[in-house]
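Just below is one structure, and these are the notes that go with it.
Laboratory data are not the source of any read-out in this text; all were calculated from the coordinates shown. Here the structure is a predicted model, which is why all the values come from computation and not from measurement. Positions of Cβ are backbone-derived with ideal geometry, glycine not excepted, and every protein chain shown enters the neighbour counts.
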Amino acid sequence: MPPEEVRALEEEAASIKGSRYALVKNPEDLTDGQRARLEALKKRAGSRLVRAWELKEDLRAVFRAADGSEAAELLDDWMH
């Protein structure tokens with residue numbers, strides 16, 4: 001692997017390290033620093049990690065639904 005690819009992977013790993021709590025906490029409970037870290041991660045287009053976070057948030061919406069029919073619709077959207 002060329003050195004520039006190794007460097008890029010190391011930089012990506014460093015930017016992700018320490019972001020765990022920002023990714024798993026409810027967005028409304030994030031500290032300012034965690035919110036900034038999450039926003040920085042979200043700006044990286046194509047990140048599988050960001051897609052996983054989006055799926056987690058979409059699934060949380062199912063549980064916050066006002067009623068069963070809304071929850072069923074959100075869950076159907078989440079699965080497809």
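Using only Cα atoms and rounding to the nearest 10 degrees, what angle (0 to 90) does helix 68-79 make with the longest principal axis of the chain? For helix 68-79, the angle is close to 30 degrees.
Rounded to the nearest 10 degrees, the angle from helix 48-63 to the longest Cα principal axis of the chain is 20 degrees. With a ≥ b ≥ c taken as the square roots of the eigenvalues of the C-alpha gyration tensor of region 1-44, please select rounded if a/c is under 1.5 and otherwise prolate if a/b is larger than b/c or oblate if it is not? Prolate shape, in that a/c is at least 1.5 and a/b is the bigger ratio.
Computed about the Cα centre, the dipole magnitude for region 10-80 is approximately 440 debye when only Lys and Arg (+1) and Asp and Glu (-1) carry charge, each at its Cβ. For helix 32-42, what angle does its Cα long axis make with the longest principal axis of the chain, in degrees from 0 to 90 and rounded to 10? It works out to around 80 degrees. When shorter helices are ignored and each DSSP H run of at least 4 residues is given -39500 (n - 2.57), the per-residue value for the chain at 222 nm works out to -22500 deg cm²/dmol.
Over all alpha-carbon pairs in the chain, figure out the percentage whose distance exceeds 15 Å. Tail of P(r) above 15 Å: 64 percent of Cα pairs.
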